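We did not get these values from a lab; they are worked out from the coordinates using the rules stated. None of these values were measured; they are calculated from a predicted model. Note that each Cβ is placed from the backbone with ideal geometry, even for glycine, and that neighbours are counted across all protein chains shown.
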Amino acid sequence: MSALIEEPGFLPNLTGYQNLELLASIRRKITKEDILDTLRTVRLFEDRNKKTKHYSLGMKKKLGIAQAIMEKPEIILLDEPMNALDKKSVEDMRNLFLNLAKDEKVTIVIASHNLEDINLLCDRVYQLNNGQLSKAN
């Protein structure tokens, strides 16, 4: 299982690649090439050697998505995954999530206020009202 919190935190003086490499070193489950492939997937390969303190909010969000998917988890929890992304990146990430769910059989749980994302990405929808979880109509 992996997760993306709404505002992922990375070490600002490390590059995007170095941040992912550091996280990957914890479990030693993936290779350096896997990290590079993941950066290609989220369209950050060209910026892999840029320090994250110079990343835009959208780039940091995509790096957070890369962190969440790079070890190929069975379940991914995403909190507001499209915040700060430009229109093209939103489309790319939607396609990525749909492909992961369909082709890789990954269960993706999305917490979002964006109804368009919910309608496009979710096959089951629940809402939280006054601390009570209920199935949406």
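With the helix formula -39500 (n - 2.57) applied to DSSP H stretches of n ≥ 4, the chain reaches a computed 222 nm mean residue ellipticity of -13500 deg cm²/dmol. Once a ≥ b ≥ c are taken as the square roots of the eigenvalues of the Cα gyration tensor of the chain, is the result rounded (a/c under 1.5), prolate (a/b larger than b/c) or oblate (a/b not larger than b/c)? Taking the square roots of the gyration eigenvalues as a ≥ b ≥ c, the chain is prolate. Relative to the longest principal axis of the C-alpha atoms of the chain, give the angle of the C-alpha long axis of helix 57-69, reported between 0 and 90° and rounded to the nearest 10°. The angle comes out near 80 degrees.
Of the residues His113, Gly64, Thr52, the one whose Cα sits farthest toward the positive end of the charge dipole of the range 44-137, with +1 on the Cβ of Lys and Arg and -1 on the Cβ of Asp and Glu, is Thr52.
Any idea what angle helix 87-103 forms with the longest principal axis of the chain, computed on alpha-carbon atoms, 0 to 90 degrees, nearest 10? Once rounded, one gets 80 degrees. Tell me the relative contact order for the chain as a rounded percent, counting alpha carbon contacts under 8 Å between residues six or more apart. This gives 26 percent for the chain.
Antiparallel beta bridges, as assigned by DSSP with both residues in the chain, represent about 40 percent of the total such bridges.
Select from the range 54-137 those trypsin sites (Lys or Arg not before Pro) which occupy a DSSP coil region and have at most 15 other Cβ atoms within 10 Å, ordered by residue number. Kindly include the intermediate steps, with their values, before the conclusion.
Working: sites: Lys60, Lys61, Lys62, Lys87, Lys88, Arg94, Lys102, Lys105, Arg124, Lys135; in loops: Lys105, Arg124.
Answer in residue order: Lys105, Arg124.
Principal-axis analysis of the Cα atoms of the chain puts helix 32-41 at an angle of about 50° to the longest axis.
Determine the alpha carbon to alpha carbon distance for each of Lys32/Lys53; Lys29/Lys87; Lys105/Lys135; Lys50/Lys87; Lys102/Lys135 and list only those over 28 Å. Distance filter (> 28 Å) returns Lys29/Lys87.
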